[in-house]
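Peer 1: Okay, here's the structure, questions in a sec.
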Amino acid sequence: MKITMGLCAALVISCLSPQAQTNENRVKEFTSKYDAYIQQVADKIPEIPAIAVVVIKEDKPIFLKVYGWADKEAGIKADENTLFYISSTTKPFVALTAALLDKEGSVKLADPLIKYSKGIAIKNSIPEKVTIQNLLTHTSGLRNEALQFRLAYSGEVNSNDIVRVFGNATTYIDSNHNKYSYTNLGYNIYGILLQQTLGEKWQHLLQERIFRPMNMDHTITYASAAPGKKLQIAYPYIYTGENGLIKSWLPKIDNNMHSAGGILISIADLGAWLNMNMNNGKLNGNQIFPAAIIKKCHTGYTKTQRELPPFTGEGEYGLGWQIGNYKNEKVIYHHGGYPGYHNHASFFPGRKIAVAVLVNESTVGAVAERLIATYAYDWWFGIENVDEEHVRKLEELAKAWEVGKKSEQDGAATRVKRSSQLSFPLEIYTGKYENSNFGTLEIYIQRDSLVVKHGIMKSVATPFTEKETVRVELIPGSGQTLKFMMNAEDTVEAAILGNREFKKIK
């Protein structure tokens, strides 16, 4: 019997079609159930304004959908191109850039940090054994709260000040060297060293080395770039006991976007990023980055112990990536959070499946996104009774959230009943206060209340329970006590914010 090319092709198609049809049906079944589940989450917890989700299987997105609002008050819907702030999930991007620079020899991972700190006056000695790789694997043994605070929150980031604070306030604990301790500091210092050594900002390097080669047109490191590119940013929202769900009063602007947490990205672009990583540098059939470089980033360099669900227990930290286990499967991931935002980004290299979830609410949203991400994994892993189990977890979360909201409301009601513990007219407390490392407080009167401004942060002061104190909430969700220190002449000498002293300068 003579078999023609046409007959051969028909035979191949007939053999492959059942499997292809099975896969297609599986995807359809998954997308239908997944969409229904996410809608249940949105209905049960309406305080999450927007939920963006992508699922990658093998090398293509099988689910990409966005629910809810980028700006509720303005009636602007979120979509697959809406930008969300991803905070610490910036670290894998910076780490890949570092691996590329290492391969080129520009900034070597094995080199001592101090090799690249020329021109910076470092007050406390940093030994040569502290390497660039230590910075990027959270094993440096260095500490500097002031630097991290300025970069992530207060936004007092004049380049001269930042270099000075790096030099003056960095300390080293030898017993902590080569021991994992998660912090933004290593990535913050790396960003400073890049500019000192290469004369280039980390933002530009990410744009040229990663975003451009990957055609990530909906990813930025400067918030101010969004209007010019006609990109919509999802506003950050927080739940308060006083007013319910409101826009955060500490949004991300250029001043507090930093190399440990400084990317605004769409869910579509984040899906492409996970796809490329899961496929060892390949995207849409093109080898964007060398496979060896990607594998280097995914290699564990230090042991970790994670307590934050869903990927708990023993693990490792690579270059910018957490490495752990879930259901006895290896998972590579990095999450991030900031007041008003939370995100989940992970993939299973053995299963070739990745999930990213972005939300613009950081309290209940942080838990809800875990349910959404693990539903996808549990479904594809074939876990029994996945729908019933995840509905049960959602019901538990909804009940816990009602308790949490009631607690916030009760706390607000208690604070309203407090009376002022300030002994003098408000004018006595106004003025400028300075801490050489942490920056400047400005205190002034507005509508018969003290207002405390710390860099780009601002809070109306409310009464607290101790003499000469007020309560401020410069970081949404984190109330602090501000205590005024008086001298014998009943003049304010200093203000203590938390445990930091700011001397009054005028």
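Peer 1: Quick one: would you say PRO339 is in contact with a Lys or Arg (Cβ under 9 Å, 6 or more places away or on another chain) and in contact (Cβ under 8 Å) with a residue 60 or more places away in the chain?
Peer 2: Working: in contact with a Lys or Arg (Cβ under 9 Å, 6 or more places away or on another chain): no; in contact (Cβ under 8 Å) with a residue 60 or more places away in the chain: yes.
So PRO339 does not fit the description; no.
Peer 1: Look at ARG164 and say whether it is touching a strand residue (DSSP E or B) at 6+ places or on another chain (Cβ under 7 Å) and assigned by TED's automatic domain parsing to the domain that holds ILE263.
Peer 2: Working: touching a strand residue (DSSP E or B) at 6+ places or on another chain (Cβ under 7 Å): no; assigned by TED's automatic domain parsing to the domain that holds ILE263: yes.
So ARG164 does not fit the description; no.
Peer 1: Right, something else. Among what's in the range 382-405 and is of a type in the set (Lys, Arg) and touching a residue at least 12 places away in the same chain (Cβ under 8 Å), pick the residue that is surrounded by the fewest Cβ atoms within 10 Å (Cβ to Cβ).
Peer 2: Of everything passing the filter in the range 382-405, LYS393 is surrounded by the fewest Cβ atoms within 10 Å (Cβ to Cβ).
Peer 1: OK, next. Tell me, yes or no, whether the range 129-137 has at least one residue that is β-branched (Val, Ile, Thr), crowded, with 22+ Cβ neighbours inside 10 Å and assigned to a helix (DSSP H, G or I).
Peer 2: Start the filter on the range 129-137 by keeping residues that are β-branched (Val, Ile, Thr), which leaves 130-132, 137.
Narrowing the set further to residues that are crowded, with 22+ Cβ neighbours inside 10 Å leaves 130, 132, 137.
Filter once more, so that each one left must be assigned to a helix (DSSP H, G or I): 132.
Scanning the range 129-137, I find at least one residue that is β-branched (Val, Ile, Thr), crowded, with 22+ Cβ neighbours inside 10 Å and assigned to a helix (DSSP H, G or I), so the answer is yes.
Peer 1: Cβ-Cβ under 8 Å, sequence separation 6+ or interchain: first residue in the range 84-95 and under 13 Å from THR183 (Cα atoms) and modelled with pLDDT under 95, partner buried (at least 24 other Cβ atoms within 10 Å of the Cβ) and charged (D, E, K, R). Which pairs?
Peer 2: none
Peer 1: Is it true that some residue in the range 460-473 is closer than 16 Å to ARG415 by Cα, in contact (Cβ under 8 Å) with a residue 40 or more places away in the chain and under 29 Å from the mean Cα position of the chain (by Cα)?
Peer 2: For the range 460-473, residues closer than 16 Å to ARG415 by Cα, in contact (Cβ under 8 Å) with a residue 40 or more places away in the chain and under 29 Å from the mean Cα position of the chain (by Cα): present.
A quick yes/no check of all residues on (1) acidic (Asp, Glu); (2) part of a strand (DSSP E or B):
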{"position": "VAL54", "(1), (2)": "no, yes"}
{"position": "LYS65", "(1), (2)": "no, yes"}
{"position": "ASP79", "(1), (2)": "yes, no"}
{"position": "SER88", "(1), (2)": "no, no"}
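Peer 1: Enumerate the strands (runs of 3 or more DSSP E) found wholly within the range 414-471, keeping only those where 3 or more residues are aliphatic (A, V, I, L, M). It would help to see each step written out before you state the result.
Peer 2: Values: elements: 431-435, 439-446, 449-454, 457-460.
It comes to 439-446, 449-454.
Peer 1: Another question, if that's okay. Does TYR187 satisfy the criteria of being touching a Ser or Thr at 6+ places or on another chain (Cβ under 6 Å), part of a loop (DSSP other than H, G, I, E, B) and aromatic (Phe, Trp, Tyr)?
Peer 2: Numbers: touching a Ser or Thr at 6+ places or on another chain (Cβ under 6 Å): yes; part of a loop (DSSP other than H, G, I, E, B): no; aromatic (Phe, Trp, Tyr): yes.
Against the criterion (touching a Ser or Thr at 6+ places or on another chain (Cβ under 6 Å), part of a loop (DSSP other than H, G, I, E, B) and aromatic (Phe, Trp, Tyr)), TYR187 does not qualify.
Peer 1: Another question, if that's okay. Working only within the range 158-182, note down all residues that are part of a loop (DSSP other than H, G, I, E, B) and surrounded by fewer than 21 Cβ atoms within 10 Å (Cβ to Cβ).
Peer 2: ASN158, ILE173, HIS177, ASN178, LYS179, TYR180, SER181, TYR182
Peer 1: Related question: For the range 343-367, enumerate the residues that are touching a strand residue (DSSP E or B) at 6+ places or on another chain (Cβ under 7 Å), in a helix (DSSP H, G or I) and either under 15 Å from LYS33 (Cβ atoms) or aliphatic (A, V, I, L, M) (or both).
Peer 2: Of everything in the range 343-367, just one residue is touching a strand residue (DSSP E or B) at 6+ places or on another chain (Cβ under 7 Å), in a helix (DSSP H, G or I) and either under 15 Å from LYS33 (Cβ atoms) or aliphatic (A, V, I, L, M) (or both), namely ALA366.
Peer 1: Determine whether GLY320 is in a loop (DSSP other than H, G, I, E, B) and under 13 Å from the mean Cα position of the chain (by Cα).
Peer 2: Details: in a loop (DSSP other than H, G, I, E, B): yes; under 13 Å from the mean Cα position of the chain (by Cα): yes.
So GLY320 fits the description; yes.
The values are calculated or read from the model by the stated rules, or taken from the named source; none is laboratory data. Everything numeric in this text was worked out from a predicted model, so none of it was measured. When we count neighbours, we look across all protein chains shown, and the Cβ atoms used for this are built from the backbone with ideal geometry, even at glycine.
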